[in-house]
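**Q** Here it is, the structure, as structure tokens.
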Amino acid sequence: QVQLVESGGGLVQAGGSLRLSCAASGRIFSFNTMGWYRQAPGKQRDLVADMTSGNTTNYADSVKGRFTISRDNAKNTVYLQMNSLKPEDTAVYYCTLVDWNSNYWGQGTQVTVSS
């Protein structure tokens, strides 16, 4: 079993920045993909960005050039640096870890961007 704990959400003005962190613990296989999804009220949960243990990244078009995902494999931690935030980025952000066996989710952290 894997546990994911997110931190770093909050309230920020448009144009500002936030950095999310997600620490994984438990039985973690070396080969995995960690990433971030988000869900706004009344909308589906969508991929924001993810990164394999081999450092291949994938971004949603809406965040390219503004968000950067990174990870520290030694700490089993993934980060999401969010710059030039927009009100439409407001959502609950969920950390995820996918390995050969399962897909794990964090509890979510709220990001609110005011205009």
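The values are calculated or read from the model by the stated rules, or taken from the named source; none is laboratory data. These numbers come from a predicted model, not from an experiment. Virtual Cβ from ideal backbone geometry, glycine too; neighbours counted across all protein chains shown. For accessibility, only protein heavy atoms count, side chains too; no ligands or nucleic acids. Shrake-Rupley method; radii C 1.70, N 1.55, O 1.52, S 1.80 Å.
**Q** When the accessible area of the chain is split by element with a 1.4 Å probe, what percent falls to carbon and sulfur?
**A** Ligands and nucleic acids excluded, carbon and sulfur give 47 percent.
**Q** I would also like to ask the following. How do the peptides 4-13, 31-40 rank, highest first, by the average count of neighbouring beta carbon atoms within 10 Å per residue? Let's see the in-between values first.
**A** Working: 4-13: 15.7, 31-40: 19.6.
The densest-packed peptide leads the list: 31-40, 4-13.
**Q** Sort out for me the Cα centre separation of the range 87-114 from the range 1-63, rounded to whole Å.
**A** 5 Å
**Q** Something else: Using the per-residue mean of other Cβ atoms lying within 10 Å as a proxy for protection, in what order, highest first, do the peptides 75-85, 52-62 fall?
**A** Per-residue mean Cβ counts within 10 Å order the peptides as 75-85, 52-62.
**Q** Over the chain, give the accessible area per residue in Å² for a 1.4 Å probe, as an integer.
**A** Details: 6120 Å² over 115 residues.
Value for the chain: 53 Å² per residue.
**Q** Can you tell me the length gained on complete extension of the stretch TRP100 to ARG66, counting 0.36 nm per residue apart and subtracting the Cα distance? List each step's numbers first, then the result.
**A** Values: separation 34, 0.36 × 34 = 12.24 nm, distance 3.02 nm.
Fully extending the segment from TRP100 to ARG66 adds 9.2 nm.
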